Amino acid sequence: MTKAMILAAGQGTRVRPLTSNVPKPMVPILGKPLLEYMIEHLARHGVCEIMMNVAYNHYKIENFFGDGRRWGVEIGYSFEGARAHGDITPRPWGSAGGMKRIQEQGHFFDETTLVICGDAIIDLDIRAALKEHWLKNAMASVITLPVEPQDVSNYGIVVADENKLVRSFQEKPEPSQAKSNLASTGIYIFEPEVLDLIPSNEVFDIGSQLFPMLVDQGLPFYAQNRPFNWIDIGRLTDYWTVQQRVLRGEVDGFEMPGKQVKPGVWVGLNTRVDWQHINITGPVYIGSNVRIDAGASIIGPSWIARGCHVRSGARVDQCILFDYTRLAADQHFKNKILSPQYCVDKSGETIYVGDENSSLRWGDARA
């Protein structure tokens, strides 16, 4: 039985402010954390023993997933932190360094292990990937996908020969310097011997340090280029785009929650919506205990999470409203992500509640 390691200790700085108060793997898609989709996929493929390294806001991951029994798996956690001025603070050890600490604690990586980043949604055929890994007698495998040449600077780029043996690895190269357009998807398969190469008590990264070491030593390190859906939430623009695609039904495997009350419109429990006096065009989801007043307009794809309040005359156009967001009367929001504290557009420009330089008004529906 294959085990899995989910990398979940990162800070998610490129998707702030979404990650100001939650770890990146807990950012929601259709109301479910990214990480939940990953665990469900692992469970479907019979991967039932899962370790995670955690750091920033780690308790939000641990409290939500617990021991994993709700998903039919067993989950363990490795907190990465240190004492500073009397307080325990997060201090990630790097993707490989975190694995080394887990191995030295209890030898979890004593068999073939799938290592995967917790901030993407995938439908990889895990069994097929493992079969190829074993057939090649690989010590390490990296799952790759081709990307557009102009996008290579967003990814780790893998250079492999005709037999798929990895010859070099470039971390986010400029397009003019890239030797390939095969991007690492952050999905790896390791044999236990790989862990012996990682130094103890040292911050160590898989892409920028471990992979070059494997190449330099001429070890059996292979790339797999197989077709599958990989939805990477690397940047804030990715998050907004993915939400729009999912709401439009363009991504397989996602089901709208709630009850469909009219074509393209789903609602949760106990909503208060003046259906006769609002303008609504799907696809739109309206969560539980949401209130939408007469005169409001909701244009999809839009997601309105639980406890929100859209006041009279407000217009929501291709927006994502997180829990308990209240939009003031007659305010118009287009291509925005809103929470009770901030409003960010799809390019990443952020304004906060009370900013007098902005004409937009919104707040906390609980107040």
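One residue is enough: does region 238-248 have a residue meeting the conditions part of a loop (DSSP other than H, G, I, E, B) and over 23 Å from Trp275 (Cβ atoms)? Looking for residues that are part of a loop (DSSP other than H, G, I, E, B) and over 23 Å from Trp275 (Cβ atoms), one finds none in region 238-248, hence no. Once region 276-312 is narrowed to residues that are within 17 Å of Thr325 (Cβ to Cβ) and polar (S, T, N, Q), the residue that is surrounded by the most Cβ atoms within 10 Å (Cβ to Cβ) is Ser302.
Of all the numbered requirements in (1) modelled with pLDDT under 90; (2) surrounded by 14 or more Cβ atoms within 10 Å (Cβ to Cβ), Asp252 misses one, and that requirement is (2). Of all residues in region 200-211, none are closer than 30 Å to Glu250 by Cβ, at pLDDT 90 or above and not in a loop (DSSP other than H, G, I, E, B).
Considering Asp323, Asp317, the condition of being among the charged types (D, E, K, R) and under 20 Å from Thr237 (Cβ atoms) is satisfied by Asp317 alone. When Ser297, Ser312, Ser347 are checked against the criterion of being under 30 Å from Arg14 (Cβ atoms) and of a type in the set (S, T, N, Q), Ser347 stands alone in meeting it. Screening Gly10 on (1) free of Cβ contacts under 8 Å to residues at least 60 places away in the same chain; (2) closer than 25 Å to Asp205 by Cα; (3) not in a helix (DSSP H, G or I) shows it passes everything except condition (1). Can you spot a residue in region 169-188 that is assigned to a strand (DSSP E or B), out of contact with any Pro (no Cβ under 8 Å at 6 or more places or on another chain) and within 18 Å of Leu219 (Cβ to Cβ)? Within region 169-188, one or more residues are assigned to a strand (DSSP E or B), out of contact with any Pro (no Cβ under 8 Å at 6 or more places or on another chain) and within 18 Å of Leu219 (Cβ to Cβ).
Number of residues in region 318-354 that are small (Gly, Ala, Ser) and buried (at least 21 other Cβ atoms within 10 Å of the Cβ) equals 1.
From the list Pro17, Pro25, the lone residue that is assigned to a loop (DSSP other than H, G, I, E, B) and not assigned by TED's automatic domain parsing to the domain that holds Val344 is Pro17.
Checked against the criteria, Gln224 counts as crowded, with 19+ Cβ neighbours inside 10 Å and more than 21 Å from Thr325 (Cα to Cα).
Annotation note: of Glu62, Glu80, Glu111, the sole residue that is charged (D, E, K, R), under 24 Å from Leu130 (Cα atoms) and in contact with a strand residue (DSSP E or B) (Cβ under 9 Å, 6 or more places away or on another chain) is Glu111. Does Ile6 satisfy the criteria of being at pLDDT 90 or above, under 18 Å from Asp119 (Cα atoms) and of a type outside the set (Lys, Arg)? Taking the combined requirement at face value, the residue satisfies it.
Glu193 fulfils the conditions (1) modelled with pLDDT of 90 or more; (2) surrounded by 19 or more Cβ atoms within 10 Å (Cβ to Cβ) except for a single criterion, (2).
Condition check ((1) over 17 Å from Thr185 (Cβ atoms); (2) buried (at least 22 other Cβ atoms within 10 Å of the Cβ); (3) among the hydroxyl-bearing types (Ser, Thr, Tyr); (4) at pLDDT 90 or above) across all residues:
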position	(1), (2), (3), (4)
His41	no, no, no, yes
Ile50	yes, yes, no, yes
Gly72	yes, no, no, yes
Asp87	yes, no, no, no
Trp93	yes, yes, no, no
Lys131	yes, no, no, yes
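In the set Arg226, Arg245, only one residue is within 19 Å of Ala120 (Cα to Cα) and assigned by TED's automatic domain parsing to the domain that holds Val142; that residue is Arg226. Exactly one of (1) part of a helix (DSSP H, G or I); (2) touching a Pro at 6+ places or on another chain (Cβ under 9 Å); (3) hydrophobic (A, V, I, L, M, F, W, C) is unmet by Val215. Its number? It fails just one condition, (2). The residue that is farthest from the chain's Cα centre (by Cα), among those in region 210-221 that are surrounded by 21 or more Cβ atoms within 10 Å (Cβ to Cβ) and of a type outside the set (A, V, I, L, M), is Phe221.
Of the strands (runs of 3 or more DSSP E) lying entirely inside region 253-324, not one is found with 3 or more residues being touching a residue at least 60 places away in the same chain (Cβ under 8 Å) and touching a helix residue (DSSP H, G or I) at 6+ places or on another chain (Cβ under 8 Å).
The values are calculated or read from the model by the stated rules, or taken from the named source; none is laboratory data. Quantities reported herein were computed from a predicted structural model and do not represent experimental measurements. Positions of Cβ are backbone-derived with ideal geometry, glycine not excepted, and every protein chain shown enters the neighbour counts.
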